[in-house]
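Since the structure comes first, as structure tokens, the remarks are kept for the end.
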Amino acid sequence: MKVLVIGGGGREHALVWKIAQSPRVSVIFCAPGNAGIESLARCVPIAADDIAGLKAFALSEHIDLTVVGPEGALALGIADEFRRAKLRIFGPTRGAAQIEASKSFAKDLMVRARIPTAASRTFEVLDQALAYLERHPLPVVVKADGLAQGKGVVVAATREQASEAVTDMLGKQSFGAAGRRVVIEEFLDGEEVTIMAFTDGKAVVPMVAAQDHKRVGDGDTGLNTGGMGAYAPAPVATPALRSEVVQCVLRPAVEALLQVGSPFYGVLYAGLMIVRGRPYVLEFNARFGDPETQVVLPLLKTDLVDVMEAVVEHRLDQLDVEWHDRAAVCVVLTSAGYPGSYDTGRPIKGLVDLSSAPSDDTLVFHAGTKHDGNEVVTAGGRVLGVTGVGPRWTEARERAYKAVRAISFDGCHFRTDIASRALRSGV
Ligand code: AMP
Ligand code: GLY
């Protein structure tokens with residue numbers, strides 16, 4: 001079987017690594033890929049949002065299954081295009097991907113399906129949004145409606161911050177089309193957890209729960225990032241909570257999308273806040289999370305290609321998806337300055353090739369890397385994700401940090417407290 005993976009970050013390296021373990025796969029292509037993915041797949045220089053180029057490539061190479069990593073391609077309708085061309089693709093249609101691409105669409109759907117979420121209102125007119133903010137209790141959360149690479153959410157402690165955020169979005173159009181509409185919602189105080197699920201539009205199979213670390217600095221300080229690390233299975237997600245999330249969040253969302261004529265095929269990601277033991281949805285994503293995928297896939301026992309085919313062929317209810325009873329911790333290494341501006345092109349030392357890794361318990365997933373002559377150099381803000389797997393949190397974390405300390409590049413930054421909350425849980 002020939003598989004094409006779209007994207008070039010840590011999530012896609014983890015996908016390629018897991019897909020490569022399937023005995024049914026003969027060749028993997030990745031567009032555009034990165035320096036780490038190159039050791040497992042043939043990287044082709046087609047951008048992840050070049051839908052026409054990707055479709056032409058998939059047709060000419062007779063690709064049996066295409067797997068979409070990033071949200072941009074999904075929101076542009078890559079799944080619709082591929083299906084029209086009779087190409088099998090793992091990922092939702094443009095209509096279904098709106099659950100991520102439009103926060104107001106997601107909010108309306110949640111209200112209709114009675115899915116627990118923060119109370120909110122949507123605005124397109126600046127004066128109306130500002131007037132509404134005057135009476136809203138603090139803190140208050142302001143969100144750009146569209147895709148903004150994690151930068152479109154402001155948790156405002158003061159009315160001035162909130163007004164500035166809506167003025168940026170609706171008045172100054174700093175977020176372009178993504179900020180033409182804003183969602184203003186109540187602040188929820190609790191612990192965050194991610195539960196992703198495979199779904200074929202009807203059956204819902206949850207993955208192990210994960211927690212990511214969004215702030216750049218130790219102790220959850222500093223700016224928000226795309227994710228500085230993650231761990232799974234998150235102890236906060238007890239079996240009871242997981243089944244509540246399936247019953248009250250994931251199933252109703254999948255049913256509501258089916259009802260509006262946009263069945264969801266792929267991975268539905270629920271970003272949740274647990275408030276006094278109950279889950280509330282902060283956001284839905286229409287794809288695998290990054291870095292959550294780098295801790296979730298190493299715990300998946302079942303062949304990922306079998307799962308993806310069951311989704312594409314709408315027979316997920318017939319598959320038994322199994323997980324390893326182990327712990328995984330991923331530490332992200334970033335360029336100095338990230339999430340602000342940063343340099344690239346710094347040589348990376350101490351890398352171990354995944355295809356010849358000494359053990360399955362330490363995995364180095366590349367995010368922003370590329371080859372420069374014989375060297376691997378930095379090529380992005382998030383450079384690497386180093387995952388340790390073990391029977392318990394202590395071993396998983398030790399393995400991750402041991403490998404992190406063996407890797408170096410100029411300006412390398414990482415958090416030293418990834419998974420400390422899991423460690424404190426004592427499991
Ligand atoms: P989102 O992209 O909607 O998940 O928001 C990004 C981050 O903002 C979340 O991971 C939370 O840390 C925070 N956040 C979003 N919505 C809320 C809310 N209603 N209450 C508190 N924090 C929130
Ligand atoms: N880790 C958050 C995301 O993938 O959107």
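Just so it is clear, none of the values below were taken in a lab; they were calculated from the coordinates. All of these numbers come straight from a predicted model, not from anything done at the bench. So basically every Cβ, Gly included, is an ideal-geometry build from the backbone, and we count neighbours across all protein chains shown.
With the condition being away from ligand 2 (no atom under 13 Å from the Cβ) and without any contact (Cβ under 8 Å) to a residue 24 or more places away in the chain, I'd like the strands (runs of 3 or more DSSP E) fully within region 182-271 carrying at least 1 qualifying residues. Explain how you work it out, then say what you get.
Details: elements: 182-186, 191-200, 204-206, 215-217, 221-224, 229-232.
Answer list for region 182-271: 221-224.
When region 171-190 is examined, which residues are found to be touching a helix residue (DSSP H, G or I) at 6+ places or on another chain (Cβ under 9 Å) and either surrounded by fewer than 15 Cβ atoms within 10 Å (Cβ to Cβ) or among the hydroxyl-bearing types (S, T, Y) (or both)?
Initial filter on region 171-190 (touching a helix residue (DSSP H, G or I) at 6+ places or on another chain (Cβ under 9 Å)): 171-175, 178-185.
Selection gives K172, Q173, S174, R180.
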Run down D168, D145 and say which single residue is away from ligand 2 (no atom under 15 Å from the Cβ), surrounded by 16 or more Cβ atoms within 10 Å (Cβ to Cβ) and either of a type in the set (F, W, Y) or closer than 21 Å to Q98 by Cα (or both).
D145
Quick one: which of A58, A52, A14 is of a type outside the set (V, I, T), under 15 Å from the mean Cα position of the chain (by Cα) and part of a helix (DSSP H, G or I)?
A14
For H136, only one of the following conditions fails: (1) within 16 Å of ligand 2 (Cβ to nearest atom); (2) not in a helix (DSSP H, G or I). What is its number?
(1)
Neighbours by Cβ (under 8 Å, 6+ apart or cross-chain): first from region 42-61, of a type in the set (G, A, S); second surrounded by fewer than 14 Cβ atoms within 10 Å (Cβ to Cβ):
A58/A85
Test result for R382, touching a residue at least 12 places away in the same chain (Cβ under 8 Å), touching a Phe, Trp or Tyr at 6+ places or on another chain (Cβ under 9 Å), over 19 Å from T293 (Cβ atoms) and not polar (S, T, N, Q):
no
I'd like to check something: does region 212-230 contain any residue that is within 22 Å of L304 (Cβ to Cβ) and either more than 14 Å from the chain's Cα centre (by Cα) or hydroxyl-bearing (S, T, Y) (or both)?
no
